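These notes are about the structure you will find just below.
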Amino acid sequence: MAKKQISIIHGPNLNLLGQREPEVYGKTSLAEINELIQGEANKLNVTLDIFQSNSEAEIVNHIHQLKADFMIINPAAFTHTSVAIRDAVAGIKMPFIEVHISNVFARETFRKESFFSDIAVAVISGLGAEGYLAALRFAAK
Ligand code: DQA
């Protein structure tokens, strides 16, 4: 059987993980998180592609050309603002899990609103890098 293909998308400012507000997002860099995800993917025998962008248009264009079985997306600040990325995700009809490193429900009011949660398979918020690994284990099934 062909290996499952799983797409990971990291939204804006996540390239600064490790330096950015470590009291909120921890000290693990995006490169380290991607290594953890890749290690888990190897164990699960799935194929990964990983993408990060600070640009809404780039994320929309990336989503349009995806060929995968499942998507794991942390839309970061675009979670709370982007109808365009929501429409792209809805348009390709790929099942996805929305991941947040921090617990967005324990933060500012504007972070409690998401343009993605109602169309996601699940939302994981507040588990740090572990959230991506839990999402990946589900996606691999
Ligand atoms: C985030 C939470 C968002 O509210 C924020 O804008 C981010 C990161 C998280 O992973 O906790 O940039 O998605």
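Just give me the residues in region 72-88 being more than 15 Å from the ligand (Cβ to nearest atom) and touching a helix residue (DSSP H, G or I) at 6+ places or on another chain (Cβ under 9 Å), in sequence order.
Once the filter is applied, which keeps residues that are more than 15 Å from the ligand (Cβ to nearest atom) and touching a helix residue (DSSP H, G or I) at 6+ places or on another chain (Cβ under 9 Å), region 72-88 yields Ala84, Asp87, Ala88.
Cβ contacts < 9 Å: first residue closer than 16 Å to Asn74 by Cα, restricted to region 21-32; second residue away from the ligand (no atom under 14 Å from the Cβ) and modelled with pLDDT of 95 or more, any location; separation 6+ or different chain. Result?
Sorted first by the residue in region 21-32, then by its partner, the pairs are Thr28/Leu36.
Restricting attention to region 71-88, which residues are of a type outside the set (Gly, Ala, Ser) and under 12 Å from the mean Cα position of the chain (by Cα)?
Met71, Ile72, Ile73, Asn74, Pro75, Phe78, Thr79
With the requirement that a residue be near the ligand (Cβ under 10 Å from one of its atoms) and either more than 16 Å from Ile50 (Cβ to Cβ) or among the aromatic types (Phe, Trp, Tyr) (or both), what does region 14-25 give you? Lay out the reasoning, then the answer.
Looking only at region 14-25, we keep the residues that are near the ligand (Cβ under 10 Å from one of its atoms), and these are 14, 16-17, 20-21, 24-25.
The answer is Leu16, Arg20, Glu21, Val24, Tyr25.
Has region 78-87 got any residue that is surrounded by 13 or more Cβ atoms within 10 Å (Cβ to Cβ), of a type in the set (Gly, Ala, Ser) and within 14 Å of Leu14 (Cβ to Cβ)?
Scanning region 78-87 turns up no residue that is surrounded by 13 or more Cβ atoms within 10 Å (Cβ to Cβ), of a type in the set (Gly, Ala, Ser) and within 14 Å of Leu14 (Cβ to Cβ).
Within region 10-65, track down each residue that is of a type in the set (D, E, K, R) and in contact with a helix residue (DSSP H, G or I) (Cβ under 8 Å, 6 or more places away or on another chain).
The answer is Glu40, Glu56.
For region 30-45, check the following and say yes or no: at least one residue is surrounded by 17 or more Cβ atoms within 10 Å (Cβ to Cβ) and either basic (Lys, Arg) or over 19 Å from Leu127 (Cα atoms) (or both).
yes
Conditions: (1) of a type in the set (Val, Ile, Thr); (2) touching a strand residue (DSSP E or B) at 6+ places or on another chain (Cβ under 8 Å); (3) within 16 Å of Ala129 (Cβ to Cβ). Val24 meets all but one. Number of the miss?
(2)
Within region 90-113, track down each residue that is of a type in the set (D, E, K, R), within 11 Å of the ligand (Cβ to nearest atom) and closer than 15 Å to Ser7 by Cα. Working first, answer last.
As a first pass, look at region 90-113 and keep what is of a type in the set (D, E, K, R): 93, 98, 107-108, 111-113.
Those left that are additionally within 11 Å of the ligand (Cβ to nearest atom): 98, 107-108, 111-113.
Listed by number, the list holds a single entry, Glu98.
The values are calculated or read from the model by the stated rules, or taken from the named source; none is laboratory data. Since this is a predicted model, take the numbers as computed values, not measurements. Here Cβ is always computed from backbone atoms with ideal geometry, including for glycine, and neighbour counts include all displayed protein chains.
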